[in-house]
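A short worksheet on the structure shown next.
The values are calculated or read from the model by the stated rules, or taken from the named source; none is laboratory data. Computed from a predicted model, the values in this text were never measured in an experiment. Counting neighbours? That spans all protein chains shown, and the Cβs are built from the backbone with ideal geometry, glycine included. Heads up: the accessible areas ignore ligands, DNA and RNA and are worked out on the full protein's heavy atoms, side chains in. Shrake-Rupley method; radii C 1.70, N 1.55, O 1.52, S 1.80 Å.
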Amino acid sequence: MLSAVEALAHLLKNASPVNEEETVPTQAALGRVLAKDIASQVDVPPLDNTSMDGYAVRSSEITQVGTVLRMAQRIPAGSVGQSLETGTIARIFTGAPIPQGADAVVMQEDCIVQDQNELVQINSVPNAGQWIRRRGEDLTAGKLALTAGSLLRPQQLGVAASAGYAQLPVKRKVRVAAFFTGDELSLPGEPLKPGGIYNSNRDTLLGVIRSLGCEATDYGIVPDRLEATRAALRTASANHDLIITSGGVSVGEEDHIKPAVNAEGRLDLWQIGIKPGKPLAFGAVRKQQQSDQETWFIGLPGNPVSSFVTFLLFVRPFILKLQGRSDLSSPSYLMRADFDWLKPDRRNEFLRVKINAQGGLDLFPNQSSGVLTSAAWGDGLLDCPAGQGFKKGDMVRYIPFSGLLS
Ligand code: AMP
Ligand code: MG
């Protein structure tokens, strides 16, 4: 039996990032992976500017409260003022450049305008530099703004735009094919067959694949027959980087994944010491057109919670590596358990839990691997090491689903 850590290390050792890159408008790059480091084209902000509406002043001229000075110019955002003459101040608005000679801004709330706007009484003594945002305090021209392998979230797009980029080099999307094995499976919308169950893995797994920014192709339900499984593998191998399946990974007579992948490529069947989960098939399928090339294959267990959890823990980092992402980790935090867990499993267990209003973790009462409502109710997994129970109040490791869906 492999530990979760060993299984993941083995998967990641095999994967390497897709090579192809494309250039897309910054606007369209949300959720993509940056392919190259980018350096800022400009200083951000480009000039010293005010962070307040108020008056740009020479701080040395205001040594006492109540000083009155003449307002000699007005500088709205987007315009550049004149050099500040001695004994004068400038009306200035947030974002406008600080005029030459000024070294501080007094906010308008601290000033009283006298004499038809000409004279202004200043009721606070400014410190040099106050309310000034310095040129280049965010980025300087030539400085690394974003690194290759970054996931482009809205914040990264904003940084790219501030650095002057209308387009960004990104990795091409990873292409994932999926099919779902089981004679018992029906599609929602069709009547359930006797002894049947609806195919829920399709929506869960394709949903996660798409949340990770991959192109997903659904090859549907595949019956529990060797030939049908082999045919599905051959079709799915074309034009995809990775094939994901659910079900059929045990070694019963009705489990055809192992012989099918072995016939069409190569496969290792692992027993991983986790719950839910355990069997995971990892291998590759020869591409039909170019037999020297392969499409990665990962076969997940059929139980809905098992396939969801093993996807998040193992397939997600594998896909991230194919995408060229630099951070492959599953974010996790120490949190307080608000329940006892006194009979731990011999396997590393991933319990479906939810953060309560007191900042602790509550447990979903039914932790069966077939009860998918546990994952819909929960907001994450409690990573319980093999054989280690805990008591209410103990700190435990929590992995939020939100950190695993991008
Ligand atoms: P298997 O891994 O094929 O032995 O399936 C394990 C269990 O998961 C069985 O109870 C199956 O009916 C169920 N199962 C397999 N595939 C799916 C699916 N796509 N959707 C819902 N349940 C499934
Ligand atoms: Mg099955």
Taking only Cα atoms of segment 271-406, radius of gyration then Dmax in Å: 16.7, 58
Counting only protein heavy atoms, what percent of the accessible surface of segment 17-163 is carbon or sulfur at a 1.4 Å probe? 49 percent
Rounded to whole Å, √(5λ) for the Cα gyration tensor eigenvalues of segment 49-133, largest first, gives 17, 13, 12
Fraction of alpha-carbon pairs in segment 1-54 farther than 15 Å apart, rounded to whole percent, equals 73 percent
Within the chain, which is the longest segment that contains none of the GluC sites (Glu not before Pro) sitting in a DSSP loop with at most 15 other Cβ atoms within 10 Å? 255-406
For segment 99-164, which trypsin sites (Lys or Arg not before Pro) are both in a DSSP coil and crowded by at most 11 other Cβ atoms within 10 Å? none
Environment charge of Glu294, counting only residues whose C-beta is closer than 11 Å and scoring Lys/Arg +1, Asp/Glu -1: 0
Just add up the charged neighbours of Asp224: K/R +1, D/E -1, any other residue whose Cβ is under 10 Å from the Cβ of Asp224. -4
Return one whole number: the accessible area per residue of segment 333-400 in Å², for a 1.4 Å probe. 52 Å²
With equal scatterers on the alpha carbons only and no solvent term, can you work out the Debye log10 of I(q)/I(0) for segment 64-190 at 0.09 1/Å? -0.50
Take the alpha-carbon positions of segment 333-400, form their convex hull, and give its projected area averaged over all directions (one quarter of the hull surface) in nm². 4.1 nm²
Any chance you could check the Cα centroid distance between segment 184-212 and segment 328-406 for me, in angstrom? 25 Å
Assign unit charges at the C-beta atoms only (+1 for Lys and Arg, -1 for Asp and Glu), then state the dipole size of the chain relative to its Cα centre in Debye, rounded to the nearest 20. 700 debye
Please sort 173-182, 37-46 by packing, taking for each peptide the average over its residues of neighbouring beta carbons within 10 angstrom, highest first. 173-182, 37-46
Under 13 Å, Cβ to Cβ, from Ser306 - net charge with Lys/Arg +1 and Asp/Glu -1: +3
Just the ratio, please: alpha-carbon radius of gyration of the chain over 2.2 N^0.38 Å, N its number of residues. 1.39
Name the residue from Ser83, Ala161, Gly273 whose Cα lies farthest towards the positive end of the charge dipole of the chain, charges +1 on Cβ of Lys and Arg and -1 on Cβ of Asp and Glu. Gly273
Reach of Lys13 by Cα under 27 Å, taken over lysines that are not fewer than 8 positions away in the same chain: Lys36, Lys171, Lys173, Lys258, Lys275, Lys278, Lys287, Lys321
DSSP beta bridges in the chain: the antiparallel percent, rounded to 5, is 65 percent
In whole Hz, the Karplus estimates of ³J(HN,Hα) for segment 22-28 (6.51, -1.76, 1.60; θ = phi - 60°; x where Gly or Pro) are 9, 10, 10, x, 3, 3, 9
Listed highest first by mean packing, meaning other Cβ atoms within 10 Å per residue, what order do 358-364, 193-199, 273-279 come in? 273-279, 358-364, 193-199
In terms of the charge dipole of the chain, which places +1 on Lys and Arg and -1 on Asp and Glu at the beta carbon, the residue among Ala15, Val174, Val305 farthest towards the positive end is Ala15
For segment 116-227, the spread of Cα positions along each principal axis, largest first, Å: 89, 35, 23
For segment 333-400, what is the charge dipole size about the Cα centre, in debye to the nearest 20, if Lys and Arg each add +1 at the Cβ and Asp and Glu each add -1 at the Cβ? 120 debye
Run the helix sum for the chain: -39,500 (n - 2.57) per DSSP H stretch of 4+ residues, divided by residue count, reported at 222 nm to the nearest 500 deg cm²/dmol. -5000 deg cm²/dmol
Given Cβ point charges of +1 (Lys, Arg) and -1 (Asp, Glu) and nothing else, what value in debye, to the nearest 20, does the dipole of segment 49-133 about its Cα centre take? 180 debye
